[in-house]
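What follows is one structure encoded as structure tokens, with my remarks underneath.
Derivation of every value follows stated rules applied to the coordinates shown; laboratory data play no part. Everything numeric here is computed off the predicted structure, so don't read it as measured data. Ideal geometry is used to build each Cβ from the backbone, glycine not excepted, and the neighbour counts take in all protein chains shown.
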Amino acid sequence: MEYTILILLLPFLSFLTLGIGGKWMTHRTAGLIGTVVLGAVAVLSYLTAWSYFSAPRLADGTYATLMPYNFHWLPFSENLSIDMGILLDPISVVMLIVISTVSLMVHIYSFGYMKGERGFQRYYAFLSLFTMSMLGLVVATNIFQMYLFWELVGVSSYLLIGFYYTKPAAIAASKKAFIVTRFADLGFLIGILVYGYYVGTYTFTPTEMALAKGGAMLPLALGLMFIGGAGKSAMFPLHIWLPDAMEGPTPVSALIHAATMVVAGVYLVARMFPLFIAYAPETLHIVAYVGAFTAFYAASVACVQSDIKRVLAFSTISQIGFMMVALGVCTSADPHEGGLGYMAGMFHLFTHAMFKALLFLGAGSIIHAVHSNEMSAMGGLRKYMPITHWTFLIACLAIAGIPPFSGFFSKDEILTACFQFSPAMGWIMTIIAAMTAFYMFRLYFGIFWGKENKELHAEHTPHESPLSMTLPLMVLAAITLVAGFIPFGHLVSSNGLAYDIHIDKSVAGTSIAVAALAIAIATPMYLYERQPLADALQRRFRGLWTAAYHRFYIDEIYQFITHKIIFGCISRPIAWWDRHVVDGFFNFLAWSAEATSDEIRGLQSGRVQQYALVFLLGALALILILII
């Protein structure tokens with residue numbers, strides 16, 4: 001599969017072409033170049049997946065791990081080196097499909113959504129850079145190559161979030177995302193260095209001898225790596241950058257902050273899963289607890305947000321939490337004996353990427369029609385936007401876990417894995433699943449039903465989006481309808497063997513019942529123009545509602561810690577000491593040297609008579625000293 005190198009080279013060449021020569025191109029030309037290149041990348045990715053999964057399995061029943069390219073870039077010792085190459089195994093091939101599909105849909109969609117925008121060529125150049133970075137991350141042959149592309153993904157997200165660089169909010173959001181993820185990535189880098197130092201390799205599958213030498217440090221190394229994954233995947237308390245990242249263009253939200261970038265942390269845990277399960281199971285369970293708390297927190301906040309993109313942002317955080325929980329509850333490498341969560345987490349990653357991209361692109365279509373992110377500017381849009389309405393409804397049903405939509409199958413497997421791990425964990429995640437159904441249908445009813453803002457609609461009559469925007473919606477909706485029937489367990493499993501997905505009737509029945517109940521509660525609250533029950537609950541629990549609306553003041557806590565404590569109580573005294581004591585001491589040395597030199601410079605006047613006099617006086621002084 002030597003052609004797989006083109007999967008990385010083509011978007012990189014597209015980035016160079018559009019970045020360097022874009023200003024001499026028309027918008028249409030730049031968009032066509034970016035989209036055609038991504039179309040080729042998608043074709044190559046699907047060809048790779050077909051060739052890989054259609055090949056016969058090995059004698060042990062697993063798929064082969066292929067390295068079409070791998071060369072030593074920076075050798076440090078006989079065993080320790082940084083390599084660059086392409087690794088193909090079940091999870092990397094599945095990620096190729098996810099990234100290329102969503103990225104292609106975003107490229108097509110952006111033709112309509114970004115039409116007439118200043119910097120259109122720059123936008124497509126950044127999209128190409130991001131896609132190349134994410135593709136390079138998932139096919140990395142070693143942890144250091146993954147880290148290099150990991151940082152490129154961070155740079156790309158910074159550029160795309162801050163695309164509207166004349167908007168202060170976009171500038172602040174891009175800096176916030178970059179800084180928060182850099183702090184997390186410091187932990188990732190330290191973990192990589194610990195891993196390399198003690199294990200003696202950067203590969204994902206160290207030898208038995210290497211593990212025997214450094215296995216005791218693996219829990220620490222893997223835990224530090226997870227910090228990087230938690231930052232990229234917006235796990236609590238490193239989640240604060242993701243909601244603000246919605247200041248970027250809506251297609252960017254679909255590409256980066258819903259379907260690809262934020263699942264990088266999930267992919268990292270899945271990539272290192274054999275080492276987690278064998279050498280750091282307790283660390284893996286910490287991943288589950290962090291994911292569960294994050295999922296609950298984000299779902300609570302999503303229930304009261306009024307900006308549709310922020311509802312979807314917190315929904316993303318919650319769903320990423322589901323994936324982390326699925327991986328974290330694994331107790332074995334056998335899917336029949338505690339390893340089901342691995343397959344379930346990757347399955348949900350796949351299905352979620354499609355319907356969450358659909359939700360964000362649908363939100364972009366709605367914003368394009370009403371020129372506002374606030375639900376108060378919407379209501380009754382089903383009459384004006386039928387395609388957006390039906391595709392958005394399909395995505396809502398999928399994320400709510402209603403069969404036969406794809407989200408039901410993947411979420412059901414996660415809940416089954418959670419109940420196998422602990423009944424408490426199973427019920428917690430079931431409740432969070434019910435909250436998901438509630439806030440998504442609150443969003444759906446608020447947009448397409450509810451009270452129509454006739455004054456605003458009179459000024460800007462809503463209309464359906466152009467074909468360039470509705471076509472990706474229809475494609476993603478079609479994938480959402482059928483993706484749940486893919487025999488995903490035959491492609492990805494915790495031990496590499498084919499696994500037949502079995503629907504646990506008790507778990508499935510419970511999850512469907514709670515989802516239906518949540519939708520039934522949301523319907524009378526938000527379906528109609530008047531919402532007395534919702535208003536009464538808001539008044540009754542005003543304090544809780546306000547706290548949730550303000551994200552439980554986590555951002556304010558960060559502001560207090562950074563500005564009042566770190567800057568005010570720590571940085572300012574250090575700065576005072578630096579300016580007055582350290583600088584003062586060295587300024588004193590400089591002044592002393594200058595003053596002394598002024599006093600003694602006459603000793604080097606250049607006059608021979610003076611030197612002779614000093615010499616004679618010195619000689620006489622020595623003679624007197626010797627005599628005495």
Checklist entry - Separation of the stretch 542-586 and the stretch 181-206 by C-alpha centroid, Å? => result 30
Checklist entry - How far is helix 218-232 tilted off the main Cα axis of the chain, in degrees rounded to 10, range 0 to 90? => result 70
Checklist entry - Cα centroids of the stretch 1-56 and the stretch 106-156: how far apart, whole angstrom? => result 11
Checklist entry - If amide H atoms are built 1.01 Å from N in the plane of the peptide, which residues on other chains or at least 5 residues away come under 5 Å of the amide H of Ser81? => result Phe76, Tyr202
Next on the checklist: Run through the stretch 50-90 and list the chymotrypsin sites (Phe, Trp or Tyr not before Pro) located in a DSSP loop whose Cβ has at most 16 other Cβ atoms within 10 Å.
Outcome noted: Phe76
Next on the checklist: For a quick check of your reading of the filter: which chymotrypsin sites (Phe, Trp or Tyr not before Pro) in the stretch 456-518 sit in a DSSP loop and have no more than 14 other Cβ atoms within 10 Å?
Outcome noted: none
Next on the checklist: Can you give me the long-range amide H partners of Tyr69? Hydrogens built in the peptide plane at 1.01 Å from N, cutoff under 5 Å, separation of 5 or more residues or another chain.
Outcome noted: Ile86
Checklist entry - Considering only DSSP states other than H, G, I, E and B, which chymotrypsin sites (Phe, Trp or Tyr not before Pro) in the stretch 530-628 qualify as loop sites with at most 16 other Cβ atoms within 10 Å? => result Phe541
Checklist outcome for this item: Whole-Å distance linking the alpha carbon centroid of the stretch 589-628 with that of the stretch 260-284 is 74
Checklist outcome for this item: As a Kirkwood estimate from alpha-carbon pairs, the stretch 565-628 has a hydrodynamic radius in angstrom of 16.1
Item to check | Under the Karplus curve 6.51 cos²θ - 1.76 cosθ + 1.60, θ = phi - 60°, whole-Hz ³J(HN,Hα) for the stretch 405-420, x wherever Gly or Pro sits | outcome: 6, 4, x, 4, 5, 6, 5, 4, 5, 5, 5, 4, 4, 5, 5, 5
Item to check | Spread of Cα-to-Cα distances over 5 Å intervals beginning at zero, given as percent, for the stretch 159-267 | outcome: 2, 13, 19, 18, 14, 11, 9, 7, 4, 2, 1, 0
Item to check | Estimated vicinal HN-Hα couplings, Hz - the stretch 480-490 in sequence order (Karplus 6.51, -1.76, 1.60; Gly, Pro = x) | outcome: 4, 5, 10, 4, x, 8, 5, x, 4, x, 7
Next on the checklist: I'd like the orientation of helix 583-600 relative to the chain: the angle between its Cα long axis and the longest Cα principal axis, in ° from 0 to 90, rounded to 10.
Outcome noted: 20
Checklist outcome for this item: Sequence order, the stretch 325-341: Karplus ³J(HN,Hα) from phi using 6.51 cos²θ - 1.76 cosθ + 1.60, θ = phi - 60°, Hz rounded, Gly and Pro as x, gives 4, 4, 6, x, 7, 5, 10, 7, 8, 9, x, 7, 9, x, x, 4, x
Checklist entry - Against the longest alpha carbon principal axis of the chain, how many degrees, from 0 to 90 and to the nearest 10, is the axis of helix 608-627 turned? => result 70
Checklist outcome for this item: Dimensionless Rg/Rh of the chain, both radii on Cα and Rh by Kirkwood, sits at 1.13
Checklist entry - Using only helices, what value at 222 nm comes out for the chain when you add -39,500 (n - 2.57) per DSSP H run of length 4 or more and divide by the total residues, to the nearest 500 deg cm²/dmol? => result -22500 deg cm²/dmol
Checklist outcome for this item: With a 30 Å threshold on alpha-carbon distance, the violating pairs from Lys309/Lys411; Lys175/Lys454; Lys167/Lys564; Lys309/Lys383 are Lys175/Lys454
